[in-house]
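Peer 1: Encoded as structure tokens, here's the structure I'll be asking about.
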Amino acid sequence: MSEQTLSSPTRQAGGKPASARIGILTFHRCINYGSYWQARSLVEGLRAGGADAVLMEHCSAEVRRAEWACAFQPLLPERSRREELPLYGAKARKLIAAADALPGSAPFPLERPEEAEEFACVVVGSDEVWNLRHPWYGGKPVFWGEGLRTRRLVSYAASFGNQDAAEGLAPDWAERLRRFDAISVRDRNSRLLVGEALGEEPALVLDPVLQFPVALEAVGEKPGPDAGERYIAVYGHSFPDEYARAVRRAAGDAGVKLVSIGYRNDWADEQRIDAGPDEFAQLIAGSEALATNFFHGCVFALLFERPFAAIASSYRANKLRDLMEKVGAEERLVSGGDVAQVGELLATPPDAAVGQRIAGLRERSGAYLAAALG
């Protein structure tokens, strides 16, 4: 791992030297609750610790078009209904407005990282920043450190997403990883890929949402279920029919309704497609339980200590499996048609040992960040 070469420090707006600033390079403008919250948690968490951290504002018309297309048609090949399009549009605008409010750098073209501001340190991650299969960000050299003007290059909770470790990493991509001064990942699959490529295992750390209690503070200290509005939250889409039926049975047995957040699920009683990112967090925190097939659905359930039952899609199988193993909550992940335990999982919060495991990982992740950022 080698040090980046820099010209002498320049001064930024407000008179601060570039050498005092930290740039965070991630997918903060994905129209996705998880992408927004991991970016917000990391930048606000670092700033709360005294760092002058900002999100690096990369721009691409091609990526923007892809994001908007996905935002309006998230369930492809099933197309969104006409009456849902304004709701998906409202959700997207709320996420974009929330991202606009986060501390950011001067904009620069995604394909020309040399035009980005100069930083003392660039932190790449969290999210699937190294997923070469990502439909529009995959293989973008900037996320591998190319062209960046910084003295120090580190990763925090980086992931390869659905790129399986069994496939290995081509030598040219492995060589790009060698330019990093410190590497951490958020899942075992990514750890195996980096370890095989570099001959050295990277640190395994928590996703920023679990590492920093930003979302917890945003909703007011885990409000818990509202006795006047009892519901099980549903977050995700394209659930297997057997799982959906099991969740419906659990809701019926508990005498509560099902509220689907961010996406349409016809088997839910209420659709909250247009929820903004703060409302998303509030809805999870105020639920009786959560049914999800998304990584950050599990993360938020763990953060708010809500009962949850997760089922992995093929795209998210690595991420969900490794998260559950890391925090000791493997029983929360059901598979295939084996949904008999869904009702019990949705009625029972995670064991206290899970919280203890997260606390230990939080301490280790903090120590990694302190050392990596110097």
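Peer 1: Could you check region 122-216 for helices (runs of 4 or more DSSP H) lying wholly inside it with 2 or more residues that are more than 15 Å from the chain's Cα centre (by Cα), among the basic types (Lys, Arg) and farther than 30 Å from residue 286 by Cα? Quick ask: steps written out before the conclusion?
Peer 2: On the way: elements: 171-177, 188-198, 208-211.
In region 122-216, the matching helices (runs of 4 or more DSSP H) lie at 188-198.
Residues are listed down the side, and each one gets a yes or a no for (1) among the hydrophobic types (A, V, I, L, M, F, W, C); (2) at pLDDT below 95; (3) in contact with a Lys or Arg (Cβ under 7 Å, 6 or more places away or on another chain); (4) not assigned by TED's automatic domain parsing to the domain that holds residue 28:
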{"position": "102", "(1), (2), (3), (4)": "yes, no, yes, no"}
{"position": "110", "(1), (2), (3), (4)": "yes, no, yes, no"}
{"position": "124", "(1), (2), (3), (4)": "yes, no, no, no"}
{"position": "135", "(1), (2), (3), (4)": "no, yes, no, no"}
{"position": "149", "(1), (2), (3), (4)": "no, no, no, no"}
{"position": "182", "(1), (2), (3), (4)": "yes, no, no, no"}
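Peer 1: Starting from region 251-270, keep only residues that are assigned by TED's automatic domain parsing to the domain that holds residue 284, then list their pairs with residues that are of a type in the set (Gly, Ala, Ser) and assigned to a strand (DSSP E or B) whose Cβ atoms are within a distance under 6 Å, requiring at least 6 positions of separation or different chains.
Peer 2: 259/233; 261/233; 268/260
Peer 1: The conditions are (1) over 30 Å from residue 152 (Cα atoms); (2) in the same structural domain as residue 192 (by TED's automatic domain parsing), and residue 369 fails exactly one of them. Which is it?
Peer 2: Result: residue 369 passes all but (1).
Peer 1: Which of (1) under 21 Å from residue 53 (Cβ atoms); (2) free of Cβ contacts under 8 Å to residues at least 12 places away in the same chain does residue 119 not meet, given it meets every other one?
Peer 2: For residue 119, the failing item is (2).
Peer 1: Restricting attention to region 254-303, and to residues there that are closer than 14 Å to residue 238 by Cα and hydrophobic (A, V, I, L, M, F, W, C), which single residue is surrounded by the most Cβ atoms within 10 Å (Cβ to Cβ)?
Peer 2: First, the residues of region 254-303 that are closer than 14 Å to residue 238 by Cα: 260-268, 291-294.
Right, trim to hydrophobic (A, V, I, L, M, F, W, C) and you get 261, 267-268, 291, 294.
Numbers: 261: 27, 267: 15, 268: 23, 291: 32, 294: 24.
The qualifying residue surrounded by the most Cβ atoms within 10 Å (Cβ to Cβ) is 291.
Peer 1: Does residue 287 satisfy being over 20 Å from residue 162 (Cα atoms) and in contact with a Lys or Arg (Cβ under 8 Å, 6 or more places away or on another chain)?
Peer 2: Values: over 20 Å from residue 162 (Cα atoms): yes; in contact with a Lys or Arg (Cβ under 8 Å, 6 or more places away or on another chain): yes.
Against the criterion (over 20 Å from residue 162 (Cα atoms) and in contact with a Lys or Arg (Cβ under 8 Å, 6 or more places away or on another chain)), residue 287 qualifies.
Peer 1: If we keep just the residues of region 362-374 that are of a type outside the set (A, V, I, L, M, F, W, C) and surrounded by fewer than 17 Cβ atoms within 10 Å (Cβ to Cβ), which is nearest to residue 300 (Cα to Cα)?
Peer 2: So the first thing to find is which residues in region 362-374 are of a type outside the set (A, V, I, L, M, F, W, C), and the list is 362-366, 368, 374.
Among the residues that remain, those that are also surrounded by fewer than 17 Cβ atoms within 10 Å (Cβ to Cβ) are: 362-364, 366, 374.
Details: 362: 15, 363: 19, 364: 20, 366: 19, 374: 30 Å.
Among residues in region 362-374 that are of a type outside the set (A, V, I, L, M, F, W, C) and surrounded by fewer than 17 Cβ atoms within 10 Å (Cβ to Cβ), the one nearest to residue 300 (Cα to Cα) is 362.
Peer 1: Buried (at least 20 other Cβ atoms within 10 Å of the Cβ), touching a Lys or Arg at 6+ places or on another chain (Cβ under 8 Å) and closer than 27 Å to residue 66 by Cβ - does that describe any residue in region 190-201?
Peer 2: No: zero hits.
Peer 1: Another question about this same structure. Limited to region 328-361, what total is found for residues that are more than 14 Å from residue 297 (Cβ to Cβ) and in a helix (DSSP H, G or I)?
Peer 2: Selection size over region 328-361: 16.
Peer 1: Please find, among 251, 275, 268, 233, the residue that is in contact with a strand residue (DSSP E or B) (Cβ under 7 Å, 6 or more places away or on another chain) and in a strand (DSSP E or B).
Peer 2: On the way: 251 fails: in a strand (DSSP E or B); 275 fails: in a strand (DSSP E or B); 268 fails: in a strand (DSSP E or B).
The match here is 233.
Peer 1: What number goes with the only condition from (1) touching a residue at least 24 places away in the same chain (Cβ under 8 Å); (2) in a helix (DSSP H, G or I) that residue 85 does not pass?
Peer 2: Failed condition: (1).
Condition check ((1) out of contact with any strand residue (DSSP E or B) (no Cβ under 8 Å at 6 or more places or on another chain); (2) surrounded by fewer than 22 Cβ atoms within 10 Å (Cβ to Cβ); (3) not assigned by TED's automatic domain parsing to the domain that holds residue 301) across all residues:
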{"residue": "34", "(1), (2), (3)": "yes, no, yes"}
{"residue": "58", "(1), (2), (3)": "no, no, yes"}
{"residue": "63", "(1), (2), (3)": "yes, yes, yes"}
{"residue": "69", "(1), (2), (3)": "yes, yes, yes"}
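The values are calculated or read from the model by the stated rules, or taken from the named source; none is laboratory data. Quick caveat: nothing in here was measured; it's all calculated off a predicted structure. So basically every Cβ, Gly included, is an ideal-geometry build from the backbone, and we count neighbours across all protein chains shown.
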